[in-house]
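A quick write-up on the structure given underneath.
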Amino acid sequence: MPLPKIEEARELNDQELSEQIITTKKELFQLRFQKATRQLEKPHQFKQLRHRLAQLMTVERERQLATAQETLGAESTDSTNIEESAAEE
């Protein structure tokens, strides 16, 4: 099975993204538990799940940064408008 593509993660909305992150973390925990009890049948799943988790967390962080950037952009625009109106008076 090929590794998942990051485009798939980018298509998720914020709620689905959070759910996927939690689900992936739980699956990794289960795999570690299986490995410790020597019941692990598919060791390649570690790489796939770690890869998927990294993708999901990257997309989440990109969205956080985009939101912060928009907030900063709006604040700087507001302060510029205040400065301009003060200068006109």
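Of the conditions (1) in contact with a helix residue (DSSP H, G or I) (Cβ under 6 Å, 6 or more places away or on another chain); (2) at pLDDT below 90, residue 82 satisfies every one except a single condition; which number is it?
Going through the list (1) in contact with a helix residue (DSSP H, G or I) (Cβ under 6 Å, 6 or more places away or on another chain); (2) at pLDDT below 90, residue 82 breaks only (1).
Residues of region 7-55 being closer than 19 Å to residue 66 by Cα and of a type in the set (Lys, Arg), which ones?
Within region 7-55, just 10 meets the criteria.
Quick one: what pairs do we get from region 53-69, first residue more than 15 Å from residue 15 (Cβ to Cβ), second of a type in the set (A, V, I, L, M), C-beta under 6 Å, 6+ apart or different chains?
55/6; 55/9
Restricting to region 1-14, and then to whatever is surrounded by fewer than 13 Cβ atoms within 10 Å (Cβ to Cβ) and over 11 Å from the mean Cα position of the chain (by Cα), can you tell me which residue is modelled with the lowest pLDDT?
1
Can you pull out every residue in region 33-57 that is at pLDDT 95 or above and either of a type in the set (Lys, Arg) or not in a helix (DSSP H, G or I) (or both)?
Once the filter is applied, which keeps residues that are at pLDDT 95 or above and either of a type in the set (Lys, Arg) or not in a helix (DSSP H, G or I) (or both), region 33-57 yields 50, 52.
The values are calculated or read from the model by the stated rules, or taken from the named source; none is laboratory data. Keep in mind that this is a model prediction, so the values were computed, not measured. Here the Cβ is made from the backbone with ideal geometry for all residues, glycine too, and neighbour counts use every protein chain on show.
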